[in-house]
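The values are calculated or read from the model by the stated rules, or taken from the named source; none is laboratory data. Since the structure is predicted, the reported quantities are computational estimates derived from the model, not experimental observations. Reconstructed Cβ throughout: ideal geometry from the backbone, glycine too, with neighbour counts over all protein chains shown. For the accessible areas, the whole protein counts, side chains as well, though only heavy atoms, and no ligand, DNA or RNA atoms are used. Shrake-Rupley method; radii C 1.70, N 1.55, O 1.52, S 1.80 Å.
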Amino acid sequence: MQAPLLDMKPGEAALIAAVVVAVMSATMIGFGWVPHLSIILVLCGLLTLGRFKGLDFGQMQQGMASGVMSGIGALYLFFFIGLLVSALMMSGAIPTLMYYGLDAISPRLFYVSAFVLTSIVGIAIGSSLTTCATLGVAFIGMGEAFDANPAIVAGAVVSGAFFGDKMSPLSDTTAIAASIVGIDLFDHIRNMMYTTVPAWLLTVVLLWLLSGHATSVDLAEIQVFKSQLVASGLVHSWTLLPFAVLLVLALRKIGTIYAIAITIAVALVITYLHSSPSIEQLGGYFFKGYKPVEGVDLGEVSKLVSRGGIDSMFFTQTIVILALSLGGLLSALGILPALLAGVSHMLTNAARATFSVAATS
């Protein structure tokens, strides 16, 4: 980041920061704007403020560019994540993992099963919301048949899906967090395990204590899911090899981009063992994301396997560019440095620093 262009007072900086938060909250929550528009509106306001204080646009633009450069690694990584998701889908790695995961559902421990399975699928596809919108809906339906508490089922599904999202190398938010602070993606995931794994285990115990003791239940919906996965033609035990390769490379601390590229190559080989997409189709899958074979009714499963591609990363990439630009401009205008200066006297140990980061986040 470049040196601040203005000598901002902590009080003035706090007021501007509050206005920024208020504007973004009002437009996104109140008016339903996408975040991109809210950030652009705030950027325009800050650029006007800088101009009013006598700053040249070129100076402020340099500050925004400096902010983007701090997260350029994440922007590059998103391209490879989009490619990897497509490769894991077309090879059958993700559908096969979901197929075997569905076998783990226990009627006696329904809440635990819902939590564990959504955790697995969340890690596999790197999306909490997609997991909730597909498997989550199925679990809510099954919960009604089992006479389970819908609130607990929803809690189990959301908890598992968000755990999976946070711990997945395919997750855009996990990649952003690692890249912004300049550490390897797999190192970031390993370090998160110190807090997320104990939380996961405690959740399992709690859901186990809340579980009922159903002895005769209808798993018809699960069987429908499994049959739809099989109908996709992607379910084969050996298609799990790309996940094994990715895990081994991560444990050996191979660089994230290299690990993903090697995994994509392995997934491509696996793909051609059970199907024969043309080069043109491969290009479409890698850009637009994998799409199931036409003419086969896959129901809800179609939403789960129709994922990936560089195109799927554009929304996240553009919002990251804008958000980093905003951070760079806030620093260039002296707003963030003034806020840090105002609280620096309280950041005397690791616990206080951690609390401050959590509170501001």
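The table that follows gives values for the structure above.
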{"item": "With DNA, RNA and ligands ignored, accessible area of Met167 (1.4 Å probe; Å², nearest 10)", "result": "20 Å²"}
{"item": "Rounded percent of accessible protein surface that carbon and sulfur make up, the chain, 1.4 Å probe", "result": "69 percent"}
{"item": "Cα→Cβ-extended label distance, 7 Å offset, between Leu282 and Ala154, nm", "result": "4.6 nm"}
{"item": "Residue-averaged 222 nm ellipticity for the chain, from DSSP H runs of 4+ at -39500 (n - 2.57), nearest 500", "result": "-22500 deg cm²/dmol"}
{"item": "Residue-normalised accessible area of the range 244-295, expressed per residue, 1.4 Å probe, Å²", "result": "61 Å²"}
{"item": "Over the chain, relative contact order from alpha-carbon pairs under 8 Å, at least 6 apart, %", "result": "33 percent"}
{"item": "Descending principal axes extents, the chain, alpha-carbon based, whole Å", "result": "70, 51, 42"}
{"item": "Span-rule helices in the chain, defined as complete DSSP H runs reaching 30 Å or more along the axis (Cα) with Kyte mean at least -0.5", "result": "185-210"}
{"item": "Residue of Ile319, Ile310, Ile125 that the Gaussian network model of the chain assigns the largest fluctuation, springs spanning Cα pairs under 10 Å", "result": "Ile319"}
{"item": "Selected from Thr173, Thr118, Thr48 as most flexible by GNM, with the chain as the system and alpha-carbon contacts under 10 Å", "result": "Thr48"}
{"item": "Relative contact order (%) - the range 241-361, alpha-carbon pairs under 8 angstrom, separation at least six", "result": "14 percent"}
{"item": "Accessible area in square angstrom per residue, the range 1-118, 1.4 angstrom probe", "result": "46 Å²"}
